[in-house]
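Below is one structure, written out as structure tokens; the observations come after it.
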Amino acid sequence: QVQLVESGGGLVQPGGSLRLSCAASGMIFSIYNMGWYRQAPGKQRELVAVITSGGSTNYADSVKGRFTISRDNAKNTAYLEMNSLKPEDTATYYCKANFRQFDAWGQGTQVTVSS
């Protein structure tokens with residue numbers, strides 16, 4: 001059974017940094033594309049960043065240059081390094097694993113950017 005567990009969220013001041021982790025189990029992690037999504041209250045869930053099984057990355061325009069997605073296949077973990085955080089980055093952040101037509105989601109971790 002595929003399980004994804006996010007961690008690392010919290011309250012941070014504008015301009016601050018956080019690193020989110022997504023620990024995966026029950027899957028061959030290295031073959032999955034991994035993505036980070038976020039959903040703010042009253043808004044649709046949106047893609048933040050994705051890293052393919054081959055290591056290629058893609059980012060939403062709103063986070064380019066500030067966020068970095070990475071993965072450690074030896075630790076079955078994906079990461080999202082978030083710098084220069086803004087209040088508009090406040091959301092619940094979700095990790096998603098994708099392989100062909102199969103998707104699995106984590107439960108989410110809250111990120112709040114506020115002074």
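The values are calculated or read from the model by the stated rules, or taken from the named source; none is laboratory data. Bear in mind that the values here come from a model prediction, so they are computed numbers and not experimental data. Neighbour counts are summed over all protein chains in view; Cβ atoms, including those assigned to glycine, are modelled from backbone coordinates with ideal geometry. Remember, those area values only see protein heavy atoms, side chains included, never the ligands or the DNA or RNA. Shrake-Rupley method; radii C 1.70, N 1.55, O 1.52, S 1.80 Å.
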- Item | Solvent-accessible surface ranking, highest first, for Lys75, Lys86 at 1.4 angstrom | Lys75, Lys86
- Would you mind telling me the share, in percent, of accessible area of the chain contributed by carbon and sulfur at probe 1.4 angstrom? 45
- Which value does Rg/Rh take for the chain over its C-alpha atoms, Rh per Kirkwood? 0.95
- Going by accessible area, probe 1.4 Å, with all protein chains left in place, what is the ranking of Met27, Met82, largest first? Met27, Met82
- Query: With each pseudo-label sitting 7 Å past Cα toward Cβ, what's the Asn58-Gln3 distance in nm, one decimal?
  - Reply: 3.1
- Write down Rg/Rh for segment 1-56, rounded to two decimals, with Rg from the C-alpha atoms and Rh from the Kirkwood relation over Cα pairs. 1.01
- Descending accessible area (1.4 Å probe), largest on the left, turns Ser56, Ser21, Ser70 into Ser56, Ser70, Ser21
- PRE reach from Thr68 (point 7 Å along Cα→Cβ): which of segment 18-60 fall under 20 Å by backbone N? 18-23, 34-37, 48-60
- Message: For a quick check of understanding: with a 1.4 angstrom probe and all protein chains in place, what accessible area in square angstrom does Ser7 have, to the nearest ten?
- Response: 60
- Heavy-atom accessible area per residue, the chain, 1.4 Å probe: how many Å²? 53
